[in-house]
Amino acid sequence: MRRSATATATLATVAILLATPTAQGRHRHVDPPAGTNAVVALGDSYISGEAGRWRGNGNTPDGTAYGTDLAAVPSTCNTKETHCGEYDTARVYGDTYDPQEKVGCNRSVRSEITHVDRVRLKTGAQDIPAANRYNFACSGATTDAVVRPGFKRQNAQIDDLYIEARAHTVRLVALSVGGNDIQFREIVKNCMLGFITPRPAGWHCNEKTRPQIPERLAAMREAVRGTLKAIRATMARAGYTGDDYRLVLQSYPLVIPTGGAFRYAETDYSRYRSGGCPFYDDDATWAHDELVPALNQTLRDIAAQESDGPDADVDFLDLRDALAGHEVCAATVQQSEPGYTLDQPLAPARSEWVRFYGGYFRPQGQEQETIHPNALGQQALGACLRTMADTPDRVHACPPPT
């Protein structure tokens with residue numbers, strides 16, 4: 001669901017009118033009629049559903065890319081799906097897709113929050129209608145985009161949250177944020193460019209980036225803590241207490257394997273040309289074993305710190321291993337191949353769950369989809385959030401896929 005920023009100017013007035021304290025203090029939220037429960041996703045591309053267009057990876061620009069392109073309109077494709085006359089990104093991203101990659105939030109119809117059908121609170125379980133699973137996250141968002149308007153012409157995400165919290169009974173708010181604050185996307189792009197650049201002019205990205213990470217994480221820590229406080233303040237302004245809903249801060253899944261677990265050798269360009277995973281072994285191992293774990297540990301610590309006080313607890317969802325064995329170019333899985341179609345796709349158990357890098361050799365999709373959980377990955381993340389939401393666990397870790 002998307003709202004344009006044109007409504008932003010009225011939000012402060014609406015908030016004042018709806019949230020004016022009573023003589024007894026801030027007003028108590030009155031539950032709407034049964035059937036109006038809702039859940040909300042806030043944050044960045046890892047929860048918005050970026051790359052949800054793709055069900056695995058297929059190394060061809062033609063047709064349905066061996067049954068992986070969910071934007072292809074089946075009725076316009078030939079029998080073997082090697083050619084399609086029409087692609088409709090609205091089938092996946094609704095109206096949040098921008099062909100120019102400037103203002104697209106790429107909110108997928110299969111995003112994580114769409115899987116949450118029940119939330120367990122201290123007072124019992126609450127069912128969530130499919131129509132009330134709202135996604136206000138936006139690809140590329142930092143903490144600033146959650147609390148302030150303007151990013152990609154969007155409202156502040158907490159303003160959209162406030163509207164839904166008044167229109168429905170919000171039972172869970174899931175937040176994925178912090179990666180863009182430490183410039184994770186830029187780090188990934190720099191690592192790939194270092195591999196793609198002809199040798200010996202190329203570089204290993206971890207050598208210069210590693211020393212910068214502690215300072216970036218420290219700044220991110222304070223920004224994420226401030227964002228959590230802003231979300232709780234928004235919910236309180238809408239009349240909620242900490243027992244009325246759950247606030248879940250989630251970590252990031254590992255999306256590339258360690259250096260020794262690639263299907264393609266580091267010694268030639270097959271990792272780029274065939275695999276779409278142009279990373280040196282040491283850069284991949286650094287990201288897998290150091291960078292993402294450090295980011296996730298910082299988020300875990302934040303959740304614990306923000307739960308130490310009178311406000312609502314912050315639950316923590318550990319997504320580290322949710323895609324294990326299905327990372328892009330992992331030796332345990334494969335790309336789709338000729339013969340697979342939209343109706344008969346490569347089995348998820350054998351597929352990559354992370355979007356590869358298209359680049360020059362694979363002119364398909366958007367660059368911003370690169371190295372994000374694809375439709376299969378989002379299904380796995382959604383299943384994990386769904387499991388946590390239906391338990392009383394304040395901390396939950398996704399097990400590796402079986």
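The values are calculated or read from the model by the stated rules, or taken from the named source; none is laboratory data. Remember, predicted model here, so these are calculated numbers, not experimental data. Here the Cβ positions follow ideal geometry from the backbone for every residue, glycine too, while neighbour counts run over all protein chains shown.
Just a few scattered comments:
- Across region 173-200, the number of residues qualifying as closer than 21 Å to GLU50 by Cβ and outside any helix (DSSP H, G or I) comes to 11.
- Selected residue (only one of GLU290, GLU266, GLU306 is closer than 20 Å to GLU207 by Cα, of a type in the set (Asp, Glu) and touching an Asp or Glu at 6+ places or on another chain (Cβ under 9 Å)): GLU266
- If you go through region 380-396 and keep only what is in a strand (DSSP E or B) and under 17 Å from HIS115 (Cα atoms), you end up with just HIS396.
- Within region 171-216, the set of residues being among the aromatic types (Phe, Trp, Tyr) and either under 27 Å from MET388 (Cα atoms) or touching a helix residue (DSSP H, G or I) at 6+ places or on another chain (Cβ under 6 Å) (or both) comprises PHE184, TRP203.
- Any hit, region 260-275, residues being surrounded by 24 or more Cβ atoms within 10 Å (Cβ to Cβ) and under 20 Å from the mean Cα position of the chain (by Cα): no
- Residue check for ASN106: over 18 Å from GLN366 (Cα atoms), modelled with pLDDT of 95 or more and of a type in the set (S, T, N, Q): no
- Only one entry of TYR162, TYR97, TYR134 meets the criterion of being part of a strand (DSSP E or B), buried (at least 20 other Cβ atoms within 10 Å of the Cβ) and either at pLDDT below 95 or not β-branched (Val, Ile, Thr) (or both), and that entry is TYR134.
- For LEU319, the requirement of being more than 25 Å from PRO399 (Cα to Cα), of a type in the set (A, V, I, L, M, F, W, C) and touching a helix residue (DSSP H, G or I) at 6+ places or on another chain (Cβ under 9 Å) is not met.
- Members of region 107-135 that are under 20 Å from the mean Cα position of the chain (by Cα), among the acidic types (Asp, Glu) and more than 18 Å from ARG55 (Cα to Cα): ASP117
Let's see how each residue does on (1) assigned to a helix (DSSP H, G or I); (2) in contact with a strand residue (DSSP E or B) (Cβ under 6 Å, 6 or more places away or on another chain); (3) at pLDDT below 95; (4) surrounded by 20 or more Cβ atoms within 10 Å (Cβ to Cβ):
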position	(1), (2), (3), (4)
GLN212	yes, no, no, no
GLU215	yes, no, no, no
ARG221	yes, no, no, no
GLY226	yes, no, no, no
THR241	no, no, yes, no
LEU249	no, yes, no, yes
ILE256	no, no, no, yes
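- The requirement of being free of Cβ contacts under 8 Å to residues at least 24 places away in the same chain, hydroxyl-bearing (Ser, Thr, Tyr) and either assigned to a loop (DSSP other than H, G, I, E, B) or closer than 20 Å to PRO345 by Cβ (or both) is not satisfied by THR64.
- Cβ-Cβ under 9 Å pairs, at least 6 apart or on other chains, region 80-107 side on the phi < 0 side of the Ramachandran plot, far side of a type in the set (A, V, I, L, M) and surrounded by fewer than 13 Cβ atoms within 10 Å (Cβ to Cβ): TYR97/ALA90
For (1) surrounded by fewer than 19 Cβ atoms within 10 Å (Cβ to Cβ); (2) of a type in the set (Gly, Ala, Ser); (3) under 22 Å from ASP69 (Cβ atoms), each residue gets a yes or a no:
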position: PHE279; (1), (2), (3): no, no, no
position: ALA284; (1), (2), (3): no, yes, no
position: ASP289; (1), (2), (3): yes, no, no
position: GLN297; (1), (2), (3): yes, no, no
position: ALA322; (1), (2), (3): no, yes, no
position: CYS329; (1), (2), (3): no, no, yes
position: THR332; (1), (2), (3): yes, no, no
position: SER336; (1), (2), (3): no, yes, yes
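- If the condition is being of a type in the set (S, T, N, Q) and surrounded by 24 or more Cβ atoms within 10 Å (Cβ to Cβ), then region 39-72 contributes SER45, SER48, ASN57, THR64, THR68.
- Checking each residue in region 100-130 for being surrounded by fewer than 18 Cβ atoms within 10 Å (Cβ to Cβ), outside any loop (DSSP other than H, G, I, E, B) and not charged (D, E, K, R) picks out LEU121, GLY124, ALA125, ALA130.
- Residue within region 302-317 that is in contact with a Ser or Thr (Cβ under 6 Å, 6 or more places away or on another chain), in contact (Cβ under 8 Å) with a residue 12 or more places away in the chain and under 28 Å from ALA71 (Cα atoms) present: no
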